[in-house]
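Read the structure below first, then the notes.
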Amino acid sequence: MRRVALVIAACGAFLSACTTYSKPLVPPEQPPGKPVFITLQVEQHLNKYYQTIGGGRSGAFAVSQKGHVGFYAYCRAVQCRDEVSFTRTALQGCEARAHAPCVLLAVGRSVRQRYMTYQKAEELGLL
């Protein structure tokens, strides 16, 4: 009986690690302007960011200008004083991984740069 419980727990941990992150319940409103196109993988990373900060945390999400790299930083405490630190951390982390300039896509739940997945842009005939 103990082995069965251990196997079930291991399977549950494996399945939770393999699942993709769902989209936020209410997609954040996007500002007007030309969108940055992002990959589906970056969109999943962005959705994980929204889930992470969903409990009232502060954070920032940066994306490379080509939309292939995304990076976020957030405050682990419920309240943080220095918003600048994690916006800077998000930009620096993104630029280090992309080896190119990045832009802030979101700060908190506020979208700073309009975005769209490459897949959606292709469906709409924008590419």
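What follows draws every value from the coordinates through simple rules; no lab data is involved. Model, not experiment: these values are computed from the prediction. Neighbour counts run over all protein chains shown; Cβ positions are idealised from the backbone, glycine included.
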- request: Please list the non-local residues whose amide H lies under 5 Å from the amide H of LEU105, H modeled 1.01 Å from N, same-chain partners needing a gap of 5 or more.
  value: PHE61, ALA62, VAL63
- request: Measure off 7 Å from each Cα along the Cα-to-Cβ vector at GLN30 and ARG88, then give the distance between these two points in nanometres to one decimal.
  value: 3.0 nm
message: Per residue of the range 49-65, what does 6.51 cos²θ - 1.76 cosθ + 1.60 with θ = phi - 60° give for ³J(HN,Hα)? Whole Hz please, x for Gly and Pro, Karplus curve as stated.
response: 4, 4, 5, 5, 8, x, x, x, 7, 9, x, 8, 10, 10, 9, 5, 5
query: When SER110, SER85 are ordered from fewest to most other Cβ atoms inside 10 Å of their Cβ, what list results?
result: SER110, SER85
